[in-house]
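The values are calculated or read from the model by the stated rules, or taken from the named source; none is laboratory data. The shown structure was predicted, so the numbers you read here are calculated from the model rather than taken from an experiment. No Cβ is skipped: glycine too gets one built from the backbone with ideal geometry, and neighbour counts run over all protein chains shown. Heavy atoms of the whole protein, side chains included, go into the accessibility calculation; ligands, DNA and RNA do not. Shrake-Rupley method; radii C 1.70, N 1.55, O 1.52, S 1.80 Å.
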Amino acid sequence: MTDSKIIKSKAKDNKQAKLPGKDSFSEWYHELLMTAEIVDNRYPVKGMCVWFPFGFALKKNVYAVIRELLDPDHQETQFPLLIPENEFMKEAQHIKGFEEEVYWVTSGGTTPLEVKLALRPTSETAIYPMFKLWIRSHADLPLRIYQIVNTFRYETKHTRPLIRLREITSFKEAHTVHATWEDAAEQVEVAISRYSEFYRRLALPFLVSRRPSWDKFPGADYTTAIDVIMPDGKTLQVGTAHHLGSTFAKTYEITYEAENGEQKLVSQTCYGISERCIAALISVHGDEKGLVLPWGVAPIQVVIVPILLGDKEKVLAVSRNLQGELAAAGVAVKLDTSDERPGAKFYKWEMKGVPIRLEVGPRDIEKGVVTLVRRDGAKKAVPLVGLVEAINKEAEELQAALYTKATNLHDAKVKETASIEEAKVQTQVGVALVPWCGAVECGHQLENQVEANMLGEPQYQSFPEAACAVCGKLSAGRTYMARQY
RNA sequence: GGGGUUGUAGGGUAGCCUGGUCCAUCCUACAGCGUUCGGGACGCUGUGACCUGAGUUCGAAUCUCAGCAACCCCA
């Protein structure tokens with residue numbers, strides 16, 4: 001072999017191994033975010049990323065699903081980014097949880113501010129003083145609002161694009177106010193069911209658990225969380241719902257006049273989802289060829305690649321007709337007429353996670369068909385007549401297949417373990433379900449000895465009695481344990 | 001919270017220890033032209049970089065300090 005041949009074959013190898021394998025997850029993840037144009041992490045401030053237009057389009061679609069799920073009984077709103085120090089510092093428990101992570105604005109131009117302003121790390125302390133003004137009577141309740149905003153947290157740990165950021169760009173936070181503690185508890189359940197539906201739409205399986213008391217939201221009575229298991233077996237918290245009780249109501253004096261004329265404290269909840277949902281989406285579904293996007297959120301659902309051989313004008317004309325027909329049917333369609341070879345286009349759009357590709361060439365046109373290729377590899381010839389219906393059917397099947405695949409992966413990563421030793425082994429590769437009597441002391445022991453975090457008690461499930469992995473006491477209690485992002 | 005590794009063009013690398021001969025190199029980058037086009041085309045001609053700042057020095061990608069940024073590991 002001559003030198004030039006060696007160089008050529010090496011170049012070819014490089015092309016085919018464009019992304020690192022998914023088993024080196026971290027590397028794969030970072031590379032994919034750049035190559036598929038989701039976010040650019042080269043912005044020169046730690047923990048802050050730039051959304052590429054393509055990534056932003058994906059984000060818009062994903063958040064459209066959230067909006068669709070909340071809008072029937074929540075009102076979208078927007079509160080200011082800056083929170084005055086005096087309001088921020090009112091709620092002691094809350095401050096304790098966040099004060100090390102707050103960015104402060106201390107001057108306006110060259111003038112020092114008399115009252116420092118916090119960049120919201122979350123918005124309770126911005127919103128609740130206003131709730132005090134808005135809520136007067138039982139007729140004002142329940143009140144349910146949400147906003148999608150950026151929040152800032154001075155993370156001291158290592159930051160990761162979309163996962164651990166100093167500027168969370170897309171924090172969807174809902175805040176609700178109720179007459180009673182029970183009403184608020186019910187709202188927490190509603191929140192979890194909406195989030196469950198949201199993740200089902202993204203074809204993402206998840207765990208729901210009640211966080212242990214030492215890991216709940218600062219100021220909350222309890223926290224229920226949703227976690228997705230990432231390819232490396234670590235879990236990513238992708239949604240939380242907090243029952244705030246009357247903690248903030250007391251601090252901010254949020255009261256209402258009951259029907260009997262009595263002034264009562266409200267009960268509150270808040271629940272949130274951030275762009276971590278995009279991180280989960282990308283990580284769970286993606287493969288060595290790049291992104292794999294669910295039909296419902298793909299910025300481009302169908303790409304048409306014309307094979308420009310023979311009668312080029314005819315191929316283009318058919319392609320354009322097809323594009324028009326699909327667009328008219330509400331499909332996000334892209335006709336790729338760029339000056340690249342078809343193979344290069346195939347790889348490009350697979351990297352971008354486009355669910356369905358249509359190839360239109362002279363051979364296809366002759367037979368009155370197009371070649372339809374799904375992102376999961378299935379390839380078939382489909383007649384031009386009735387194509388829209390065929391595509392919709394394929395999209396449904398694709399979504400089902402995606403969910404099945406993800407569910408199988410998920411299930412394989414969760415395992416029941418009886419002892420600390422077993423849990424320690426299991427948390428190296430996934431999530432352990434461990435018998436736990438519920439005692440705080442046993443919980444701390446578990447975390448220390450298993451060397452993993454406790455996600456908390458699984459919700460909506462019951463278990464037979466088993467011996468607590470620490471104290472041996474019989475109980476029906478369980479906890480998920482995992483290494484967490 | 002602790003430790004480690006690293007920063008060279010759009011991406012990937014070499015050079016750094018031992019300061020000068022460095023116009024470094026490769027590509028999946030970019031631009032132009034031509035031939036091509038059913039799974040990452042090829043040829044030719046070009047383009048483009050030493051993280052920032054201070055210091056040492058006749059001279060710094062290279063040595064020193066600080067900062068910023070990134071990645072990995074452990075708690």
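Of the residues making up the range A:333-349, those that are within 11 Å of RNA strand B (Cβ to nearest atom) and either more than 19 Å from A:Gly296 (Cβ to Cβ) or open to solvent by 50 Å² or more (accessible area, probe 1.4 Å) (or both) are A:Thr337, A:Ser338, A:Asp339, A:Glu340, A:Arg341, A:Pro342, A:Gly343, A:Ala344, A:Lys345, A:Phe346, A:Tyr347, A:Lys348. On the given criteria, is A:Tyr271 within 30 Å of A:Ala179 (Cβ to Cβ) and either near RNA strand B (Cβ under 9 Å from one of its atoms) or touching a residue at least 24 places away in the same chain (Cβ under 8 Å) (or both)? In short, yes. In the range A:147-160, the residues that are under 21 Å from A:Ala64 (Cβ atoms) form Cβ pairs under 8 Å with partners that are within 16 Å of RNA strand B (Cβ to nearest atom) and not in a strand (DSSP E or B), at six or more places apart or across chains, as follows: A:Thr151/A:Pro121. If you check A:Leu409, A:Leu387, A:Leu398, A:Leu402 for being surrounded by 12 or more Cβ atoms within 10 Å (Cβ to Cβ), over 30 Å from the mean Cα position of the chain (by Cα) and away from RNA strand B (no atom under 13 Å from the Cβ), only one passes: A:Leu387.
The residue pairs whose first member lies in the range A:130-146 and is without any contact (Cβ under 8 Å) to a residue 12 or more places away in the chain, whose second member is assigned to a helix (DSSP H, G or I) and surrounded by fewer than 17 Cβ atoms within 10 Å (Cβ to Cβ), and whose beta carbons are closer than 8 Å, counting only pairs six or more residues apart or on different chains, are A:Trp134/A:Asp140.
Residues that are open to solvent by 40 Å² or more (accessible area, probe 1.4 Å), more than 22 Å from the chain's Cα centre (by Cα) and closer than 23 Å to A:Lys234 by Cβ within the range A:448-469 comprise A:Asn448, A:Gln449, A:Glu451, A:Gln461, listed in sequence order.
What number of residues within the range A:319-332 are touching a residue at least 12 places away in the same chain (Cβ under 8 Å) and open to solvent by 30 Å² or more (accessible area, probe 1.4 Å)?
5
A:Ala418 - would you say it is in contact with a strand residue (DSSP E or B) (Cβ under 9 Å, 6 or more places away or on another chain), in contact (Cβ under 8 Å) with a residue 24 or more places away in the chain and either open to solvent by less than 40 Å² (accessible area, probe 1.4 Å) or small (Gly, Ala, Ser) (or both)? Yes: the conditions hold for A:Ala418.
Taking the range A:350-370 as the region of interest, how many residues are among the acidic types (Asp, Glu) and either more than 9 Å from RNA strand B (Cβ to nearest atom) or out of contact with any strand residue (DSSP E or B) (no Cβ under 9 Å at 6 or more places or on another chain) (or both)?
Residues of the range A:350-370 among the acidic types (Asp, Glu): A:350, A:359, A:364, A:366.
With either more than 9 Å from RNA strand B (Cβ to nearest atom) or out of contact with any strand residue (DSSP E or B) (no Cβ under 9 Å at 6 or more places or on another chain) (or both) added as a condition, the list becomes A:366.
The number of residues fulfilling the criteria is 1.
Enumerate the pairs (first residue in the range A:30-51 and outside any loop (DSSP other than H, G, I, E, B); second residue anywhere and acidic (Asp, Glu)) with beta-carbon separation below 7 Å, excluding pairs fewer than 6 apart on the same chain, so at least 6 apart or on different chains. From the range A:30-51, the pairs are A:Met34/A:Asp40; A:Val50/A:Asp40.
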